[in-house]
Structures are given as structure tokens and as C-alpha cells.
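To start, the structure under review is shown below, and the notes come after it.
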Amino acid sequence: MLCMRSTGSAGKASAEYLRGIALPVADFAPAMDSPTRAVWRAAGLFCHMIFCILRYLWAAARHGFSPALGATHAHRFARSVNRLLGIQVHMRGPAPRKGTLIVANHRSYIDATAVLDQTMAGFLAKSEVESWPVIGLGTRLGGTIFVQRDNAESRKAARRLIAERLRQGLSVVVFPEGTTHRGPDVLPFKKGVFHIAAEGRIPVTPLAITCEQPTDAWIGAESFLGHFLRVFVRKRVHINVHCGPVFVDSDPDALRNAAWEWITQACLCDEQ
């Protein structure tokens with residue numbers, strides 16, 4: 001997630017050591033039986049997140065906190081986590097360019113590292129995520145914008161922050177379905193973020209996310225840990241990310257419809 005910069009032989013040795021211990025689970029998990037692999041990966045993910053948070057704090061103390069720094073290190077973190085958990089992201093089309101509003105359908109929490117594997121961006125997430133142990137701190141440091149969906153003032157503040165990030169040339173990822181969904185169809189999109197894009201003539205990039213195994217979706221009342229242990233018993237978890245054409249329009253409804261139709265078609269083609 002973060003890159004420590006050191007000077008001198010001692011500093012270089014320390015940085016090499018830290019890089020070496022960052023991903024121990026990736027080397028040992030495949031050799032184990034499946035149930036043990038999932039438990040080992042869960043423990044490894046927890047330790048790795050703490051390690052990466054400390055690295056981020058070290059970098060931020062030297063260079064200052066900023067959304068750009070958070071997005072850069074979140075990108076690195078996602079790639080390392082995907083390796084640790086055996087997540088293989090299959091990208092179709094060019095990666096989203098910087099400074100766009102990235103809208104995607106939502107299958108599970110795996111979507112976040114799949115998208116960040118391919119681009120540097122911040123996220124819009126429900127406010128509950130901020131209170132999750134370790135994960136909440138990590139997402140906050142990574143530049144996530146939190147919103148209370150039932151609070152009009154919170155929604156307004158979130159839209160303002162999204163517009164500010166986009167003006168700075170940073171990408172923001174939004175799951176406009178508002179919840180996870182197994183598919184293969186796509187739920188109707190909420191329109192709030194499309195008003196921001198329409199007003200600022202901001203490019204909108206649609207992403208279609210599908211799972212090789214549709215049962216990998218995290219839906220209903222299933223707990224995070226239960227889903228994690230069920231999915232990551234496998235050596236490899238395959239996620240498809242299909243990047244669509246860029247849409248620009250002054251009509252928010254036209255933007256929303258164009259993104260929804262493209263993502264729906266791509267998901268249906270992948271999962272049927």
C-alpha cells in the first residue's frame with residue numbers, strides 16, 4: 001500500500017526487510033489444505049492491513065496527508081492483497097483514465113481491490129464502513145468518502161467532496177446500485193452522482209464487474225467472515241472487470257441510463 005523511502009544502507013536494508021515480510025501468506029497459503037488456507041489468509045490479511053496502515057502513516061508524516069497520496073497507496077495495497085488472497089483480476093479494455101467518475105455494479109467487497117488493482121482512485125462508501133475494525137481506518141486513510149444515505153446533509157457533503165476530487169484530477173469510484181447484488185442483472189442506479197458529472201461535464205467511465213462463480217457475491221445476511229472463509233478456501237478467485245466507453249453529457253438521466261445499459265449488457269454477456 002505504501003512505499004517507504006529511506007536513505008543510506010541501513011534505511012535501504014530496512015525497506016527491503018519490510019517489503020519482504022509484507023506478503024508471507026501468498027507464499028505459504030497455496031500449499032495448505034483448503035479450510036486452513038482460508039483461515040491463514042484471514043489472519044494474514046489482518047496483519048497485512050495493519051502493516052500497510054503503519055507504512056502509510058510513516059509516508060504521510062513525511063509528505064503530508066492528501067487524497068492523491070491515499071489513492072496511490074490504496075492502489076499498491078490492492079495489488080498486494082489480491083496476490084495474498086489469490087484474486088486474479090481479468091481486465092477487458094483499457095484501464096480507466098484519471099479524473100473520471102468511475103461507476104460500477106457491485107457484487108461484493110472484492111470489487112474494491114479488483115478496481116483498485118487497475119487504477120488509482122478514491123471510493124464513495126456507506127458510513128458504516130468507517131466504524132469497521134482496521135478496515136474502517138484503512139479505507140479512511142485511502143481517501144474514501146463516507147456518506148449516510150438517509151441523511152440529506154451527508155449526501156450533499158459527499159457530492160461536494162466528489163466534485164472537489166474530480167476537479168483535482170483524481171478519479172472517484174461509485175457503486176450507484178447502493179448495495180451488492182448477485183446478478184446477472186444490475187439494479188437501478190441512484191442518480192445523485194450523475195448530477196455532479198452532468199453539471200461539471202465530467203467524464204463517466206462504466207465498469208462491469210462479474211465473478212467467475214456467481215455465488216462469490218456477498219449478499220443478504222451472510223457475515224463478512226463467513227463469506228470470506230467460504231470464498232477464499234480456493235487457491236484462485238477470478239474476477240472480470242470490463243471497462244466501457246467514456247460518457248460525457250449535460251443530462252444526468254442520459255448519463256445514468258447510458259452507464260446502466262452498458263454495464264447491464266456487459267454483465268449479462270459474462271454471466272449468462
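The values are calculated or read from the model by the stated rules, or taken from the named source; none is laboratory data. This one's a predicted model, so the numbers in the text were calculated from it and none came from an experiment. Virtual Cβ from ideal backbone geometry, glycine too; neighbours counted across all protein chains shown.
List of remarks:
- Some residue of segment 182-189 being farther than 20 Å from Tyr109 by Cβ and touching a residue at least 12 places away in the same chain (Cβ under 8 Å): yes
- Checklist (1) buried (at least 19 other Cβ atoms within 10 Å of the Cβ); (2) of a type in the set (Phe, Trp, Tyr); (3) part of a loop (DSSP other than H, G, I, E, B) applied to Phe77, failing item: (3)
- Exclusive hit being crowded, with 22+ Cβ neighbours inside 10 Å, more than 16 Å from Gly122 (Cα to Cα), in contact (Cβ under 8 Å) with a residue 60 or more places away in the chain and of a type in the set (S, T, N, Q), set Thr210, Thr179, Thr205: Thr210
Residue by residue, here is whether (1) aliphatic (A, V, I, L, M); (2) surrounded by fewer than 17 Cβ atoms within 10 Å (Cβ to Cβ); (3) modelled with pLDDT of 85 or more holds:
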| position | (1), (2), (3) |
| --- | --- |
| Val89 | yes, no, yes |
| Ala95 | yes, yes, yes |
| Leu101 | yes, no, yes |
| Ser131 | no, yes, no |
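- Filter result for Val231 (out of contact with any Lys or Arg (no Cβ under 9 Å at 6 or more places or on another chain) and either buried (at least 20 other Cβ atoms within 10 Å of the Cβ) or free of Cβ contacts under 8 Å to residues at least 12 places away in the same chain (or both)): yes
- Residue match in segment 117-129 (condition: farther than 28 Å from Arg230 by Cα, touching a Ser or Thr at 6+ places or on another chain (Cβ under 7 Å), at pLDDT 85 or above and surrounded by fewer than 21 Cβ atoms within 10 Å (Cβ to Cβ)): yes
- Residues of segment 225-254 that turn out to be outside any strand (DSSP E or B) and not basic (Lys, Arg), as a count: 18
- Any hit, segment 113-130, residues being in contact (Cβ under 8 Å) with a residue 60 or more places away in the chain and of a type in the set (Phe, Trp, Tyr): no
- Filter result for Ala163 (of a type in the set (Gly, Ala, Ser), buried (at least 21 other Cβ atoms within 10 Å of the Cβ) and touching a residue at least 24 places away in the same chain (Cβ under 8 Å)): no
- Take the conditions (1) of a type in the set (S, T, N, Q); (2) closer than 25 Å to Asp270 by Cβ; (3) crowded, with 20+ Cβ neighbours inside 10 Å; Thr144 misses just one of them, which is (2).
- Test: residue in segment 155-165 that is in a helix (DSSP H, G or I), of a type outside the set (Asp, Glu), at pLDDT below 85 and more than 20 Å from Val103 (Cβ to Cβ): no
A quick yes/no check of all residues on (1) of a type in the set (S, T, N, Q); (2) in contact with a strand residue (DSSP E or B) (Cβ under 6 Å, 6 or more places away or on another chain); (3) under 27 Å from Arg41 (Cα atoms):
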residue: Leu229; (1), (2), (3): no, no, yes
residue: Phe232; (1), (2), (3): no, no, yes
residue: Lys235; (1), (2), (3): no, no, yes
residue: His238; (1), (2), (3): no, yes, yes
residue: Asp249; (1), (2), (3): no, no, no
residue: Asp253; (1), (2), (3): no, no, no
residue: Trp260; (1), (2), (3): no, no, no
residue: Ile263; (1), (2), (3): no, yes, no
residue: Leu268; (1), (2), (3): no, no, no
